[in-house]
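One structure is given here, and the rest of the page talks about it.
The values are calculated or read from the model by the stated rules, or taken from the named source; none is laboratory data. Only a predicted model underlies this, so the values are computations on that prediction, with no experimental measurement involved. Counting neighbours? That spans all protein chains shown, and the Cβs are built from the backbone with ideal geometry, glycine included. In case anyone asks, the SASA skips ligands and DNA or RNA and just uses the protein heavy atoms, side chains included. Shrake-Rupley method; radii C 1.70, N 1.55, O 1.52, S 1.80 Å.
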Protein chains: 2
Amino acid sequence: MLAEVEKIENFLKQRQIKLTEERKLIIDEMLASQRHFGPEELWEHLRQKGKRVSRATVYRTLELLIEGGLVKKVCLGEHCFRYEHILGRKNHSHMVCLKCGALIEFLDEAIDERQKLLSQQQGFEVLSRCFQIFGYCKNCTQ
Amino acid sequence: MLAEVEKIENFLKQRQIKLTEERKLIIDEMLASQRHFGPEELWEHLRQKGKRVSRATVYRTLELLIEGGLVKKVCLGEHCFRYEHILGRKNHSHMVCLKCGALIEFLDEAIDERQKLLSQQQGFEVLSRCFQIFGYCKNCTQ
DNA sequence: CACTTATTGATAATCGTTCTCATATTGTGA
DNA sequence: TCACAATATGAGAACGATTATCAATAAGTG
C-alpha cells in the first residue's frame, strides 16, 4: 500500500499537480476500499467518515488518475461505469453477474495473443481493450 | 432485406405487438442505414425524409427489437452507445478507432473457445459478451 | 363497425457527469 | 518565513442521453 501511495504521489509531482488534502483523502479511500467502486459510493464513504469533499473533486481526481494510468474506468453494462485502481495489476477482464452483481476477474494469455494477432492483421494500433462477459455466476445458477 | 423485414414482422406478431406505421418507418430506416447507428441519428434521418416520429418511439422500438434478439446495443467507449441490427449475423466484436471513429468488426473462433472454457471453469452461465479494442486504425497511424 | 388494448407524441423528469466561477490552498523562490 | 502566481476547490447550475407520464390516437379482433 505504501508503495502504491508513493507511486501516485510521484506521478503528481512529475506533472506539477498539487497534492491537496482532498486528493489524499480520495486516494486513501480508493486504496482502502473494494477493488471496484463508483464515484458516488466513494464520495458517500468519505462523507460517512466526516470527510467532506465535493463530488466534482471526486470525479476530477479520478479523471486525473486515469490519465496517469493508475486507475481504469470500466463499463459494466448499460448505465454502469465503475472505477478500479490498477496499481501493479495485470490487464484483466470481467465476468459480470446480472443477478447479484458479482464481478469475477479473469485474464488469459491465449486471448491476449489472438487479440494481438488480429489487430496486427488489421494494422490496428491497440491502446486499450475492454472485454466483459455477462450472465449468471455460480451461486446464482444453482 | 425482405427476409429480414419478414423476420421482424413475425416476431411482432408472435408477441401480439402491433405493427404500426411508426415502427415500420424505424425498421426500414434501420435496415437501410449503416450497420451501426445512434437513436438520435436514426430519428434525424427520418425527420429529414419528412417522416416525423417521436424520439421516445425510436427508443421504445429499438428496445423492443433488442428483446426480440434482432438488434444489439453496443458500448463503444465513454458515452457512446450504438445499435446494430444483427439479423443473420454472427456474434462479433469491434475495434474502435479513437481518431476517425472507424469500426472494424472481427470474430475469432479461438477467442470464443477460450472464453467458453474460462466461463465453464467458473461455473458462469454466459448470456452475452462485449469485447472492444480501442486504438488507431490503419489509416490513422500512417 | 365497434370496442378493447396497445401505442404514440410532447414534454417533464431523471441521473450521472461536467462546467462555472468566486474563493481558497499549494508550493516556489525571495 | 512570507508573498505570490498558479492550481484546485465547492456548490450548484447545466448538460445530454434516456425514460416516464398521460391524454389522445390507432391497430386488430370478432
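For label points placed 7 Å from Cα toward Cβ, what is the shortest-first list of nm distances from residue B:6 to its copies?
7.0
Excluding residues on the same chain fewer than 8 positions from residue A:49, give the aspartates and glutamates whose Cα lies under 17 Å from its Cα.
Partners within reach: A:21, A:22, A:28, A:29, A:40, A:41.
Helix B:55-67 versus the longest principal axis of chain B: what is the Cα-based angle in degrees, 0 to 90, to the nearest 10?
Orientation of helix B:55-67: about 50 degrees from the principal axis.
If you build a Gaussian network model of chain B, linking Cα atoms that sit under 10 Å apart, which residue out of B:132, B:121, B:34 swings the most?
With Cα springs under 10 Å in chain B, the top fluctuation among B:132, B:121, B:34 is at B:121.
Within 10 Å of each candidate Cβ there may be at most 13 other Cβ atoms; applying that plus a DSSP loop requirement, which trypsin sites (Lys or Arg not before Pro) in the range B:1-110 survive?
Numbers: sites: B:7, B:13, B:15, B:18, B:23, B:24, B:35, B:47, B:49, B:51, B:52, B:55, B:60, B:72, B:73, B:82, B:89, B:90, B:99; in loops: B:15, B:18, B:35, B:49, B:51, B:52, B:89, B:90, B:99.
Within the range B:1-110, the qualifying trypsin sites (Lys or Arg not before Pro) (loop, at most 13 other Cβ atoms within 10 Å) are B:15, B:18, B:35, B:49, B:52, B:89, B:90, B:99.
In square nanometres, what is one fourth of the surface area of the convex hull spanned by the alpha carbons of chain B? Intermediate values should be presented prior to the final figure.
Values: hull surface 43.8 nm².
Over every viewing direction, the Cα hull of chain B projects on average to 10.9 nm².
In whole Hz, with x marking every Gly and Pro, tabulate ³J(HN,Hα) for the range B:81-91 from phi via Karplus 6.51 cos²θ - 1.76 cosθ + 1.60, θ = phi - 60°.
Per residue, the Karplus-derived 3J(HN,Hα) values read 9, 10, 10, 8, 7, 10, 4, x, 10, 6, 5 Hz.
Report, to the nearest 10°, how far helix A:39-48 tilts away from the longest principal axis of the Cα atoms in chain A, using its own Cα long axis and a range of 0 to 90°.
In chain A, helix A:39-48 runs at an angle near 40 degrees to the longest axis.
Between rounded, prolate and oblate, where does the range B:53-116 land on the alpha carbon gyration tensor, with a ≥ b ≥ c its root eigenvalues, rounded for a/c under 1.5, else prolate if a/b exceeds b/c? Can you show the working numbers first?
Values: a/c = 2.62, a/b = 1.39, b/c = 1.89.
In terms of gyration-tensor shape, oblate.
On a 0 to 90 degree scale, rounded to 10, what angle separates helix A:109-122 from the longest Cα axis of chain A?
80 degrees
Counting DSSP beta bridges in chain A, what percent are antiparallel, to the nearest 5? Walk me through the numbers before you get to the answer.
Values: 11 of 15 bridges.
The antiparallel fraction comes to roughly 75 percent.
Could you point to the residue in B:62, B:80, B:45 farthest towards the positive end of the range B:1-89's charge dipole, with +1 and -1 charges on the Cβ of Lys/Arg and Asp/Glu respectively?
B:62
Considering only DSSP beta bridges whose two residues both sit in the range A:90-142, what percent are antiparallel, to the nearest 5?
Numbers: 4 of 8 bridges.
For the range A:90-142, the DSSP antiparallel bridge percentage is about 50.
So how much accessible surface do A and B hide from each other in total, probe 1.4 Å, in square angstrom to the nearest 100?
3300 Å²
Which net charge results when you count Lys and Arg as +1 and Asp and Glu as -1 among the other residues whose beta-carbon is under 10 Å from that of residue B:74? Working shown, then result.
Working: positive: B:72, B:73, B:82; negative: B:84.
So the surrounding residues net to +2.
Can you give the Rg and Dmax of the protein assembly as shown based on its C-alpha atoms, in angstrom?
Expressed in Å, the Cα Rg and Dmax of the protein assembly as shown come to 21.8, 64.
In straight Cα distance, which aspartates and glutamates are under 12 Å from residue A:24, not counting same-chain residues fewer than 8 positions off?
Counting by Cα, and skipping residues close in sequence, residue A:24 has these aspartates and glutamates nearby: A:6, A:9.
In the Gaussian network model of chain B, springs joining C-alpha atoms below 10 Å, which of B:67, B:78, B:21 carries the largest mean-square fluctuation?
Between B:67, B:78, B:21, it is B:78 that shows the largest mean-square fluctuation.
Let me have the 222 nm mean residue ellipticity of chain B computed from DSSP H runs of 4+ only, each contributing -39500 (n - 2.57), with the sum over all residues rounded to the nearest 500.
Taken over chain B, the calculation gives -14000 deg cm²/dmol.
Run the label-point distances for residue B:21 please: 7 Å along Cα to Cβ, every other copy, nanometres, shortest first.
6.4
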